[in-house]
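Derivation of every value follows stated rules applied to the coordinates shown; laboratory data play no part. Computed from a predicted model, the values in this text were never measured in an experiment. Glycine also receives a Cβ, built like all others from the backbone with ideal geometry; neighbour counts cover every protein chain displayed.
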Amino acid sequence: MNMTHFLTGIDHIQIAAPPNAEEQARQFYGKLLGMEEIPKPENLAARGGCWFQCGTQEVHIGIQADFSPAKKAHPGFTVNALPALKSRLEQAGYTISEEPPIDGRTRFFTHDPFGNRIEFLAFN
């Protein structure tokens, strides 16, 4: 049996953050990027972190005691107003990195408050 038939999509991604980073995560992922925070299940709440809704998927910010930011691995978020988001991030003090385009996509990178690499892209 072909294993690819078992997978149907992505439910969530998890992005690591240092201890006590929940408020910074809420500012960046919630207020700046506009994701809606969703409640963590009660049995997981004691671990810290926070969860957000992103389209039909979720973004989980997980607290990691020995945190080290992801410098290469990254989520790629699709955006419906890429220039406006770029401007919003720059105005908030985030550095934008323009990378070579991918055929049919415009994109840029930045880092979240914890140093994790984040990509934003729009399909042309």
Worksheet item: Mind checking which residues of the stretch 69-124 are of a type in the set (S, T, N, Q) and in contact (Cβ under 8 Å) with a residue 24 or more places away in the chain?
Response: Thr78, Asn80, Thr106, Asn116
Worksheet item: Is at least one residue of the stretch 20-28 touching a residue at least 12 places away in the same chain (Cβ under 8 Å) and touching a helix residue (DSSP H, G or I) at 6+ places or on another chain (Cβ under 9 Å)?
Response: no
Practice prompt. Could you tell me which of the residues Gly49, Gly34 is free of Cβ contacts under 8 Å to residues at least 40 places away in the same chain and in contact with an Asp or Glu (Cβ under 7 Å, 6 or more places away or on another chain)?
Written response: Gly49
Worksheet item: Going through the stretch 91-124 one residue at a time, which ones are more than 16 Å from the chain's Cα centre (by Cα), hydrophobic (A, V, I, L, M, F, W, C) and under 12 Å from Phe28 (Cβ atoms)?
Response: Ala92
Worksheet entry | Residues located in the stretch 79-106, provided they are of a type outside the set (A, V, I, L, M, F, W, C) and either assigned to a loop (DSSP other than H, G, I, E, B) or touching a helix residue (DSSP H, G or I) at 6+ places or on another chain (Cβ under 8 Å) (or both) | Asn80, Arg88, Gly93, Tyr94, Thr95, Glu98, Glu99, Pro100, Pro101, Asp103, Gly104, Thr106
Worksheet item: Of all residues in the stretch 23-75 being part of a loop (DSSP other than H, G, I, E, B) and of a type in the set (Ser, Thr, Tyr), which is surrounded by the most Cβ atoms within 10 Å (Cβ to Cβ)?
Response: Ser68
